[in-house]
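K.L.:
Below you'll find the structure I mean.
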Amino acid sequence: MPHIYSRYFLAAVGSIILFLSVVVAVNAADIKEVTSPGGINAWLVEERSIPIVSLNVSWRGGASLDPAGK
């Protein structure tokens with residue numbers, strides 16, 4: 001019977017560790033809205049523990065600029 005309790009204990013400890021890691025991950029990123037001198041708005045997210053630089057750019061174009069009915 002002792003091995004049954006150890007399974008429950010390991011499951012409880014694993015659940016607590018998983019919960020705490022999710023809470024830390026959710027609170028880790030601070031999102032800042034920044035504006036360049038030229039008026040470009042951007043979101044800045046810094047996470048110094050991850051050595052990656054990522055950039056996503058989008059703008060209106062194509063059919064979204066066509067006049068209505070065209």
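K.L.:
Collect the residues in segment 33-48 that are in a loop (DSSP other than H, G, I, E, B) and open to solvent by less than 90 Å² (accessible area, probe 1.4 Å), keeping them in residue-number order.
P.N.:
Narrowing segment 33-48 to residues in a loop (DSSP other than H, G, I, E, B): 36-40, 47-48.
Those that are in a loop (DSSP other than H, G, I, E, B) and open to solvent by less than 90 Å² (accessible area, probe 1.4 Å): Ser36, Gly38, Gly39, Glu47.
K.L.:
Additional query: Under 6 Å by Cβ, and 6 or more places apart or on different chains, what pairs join a residue from segment 55-70 that is over 25 Å from Asn41 (Cβ atoms) with one that is of a type in the set (A, V, I, L, M) and surrounded by 10 or more Cβ atoms within 10 Å (Cβ to Cβ)?
P.N.:
none
The values are calculated or read from the model by the stated rules, or taken from the named source; none is laboratory data. None of the values given here were measured: they were computed from a predicted structure. Quick reminder, even Gly has a Cβ in these numbers, built from the backbone with ideal geometry, and neighbours come from all protein chains shown. When the accessible area is computed, the model is the full protein with side chains, heavy atoms only, and any ligands, DNA or RNA have been set aside. Shrake-Rupley method; radii C 1.70, N 1.55, O 1.52, S 1.80 Å.
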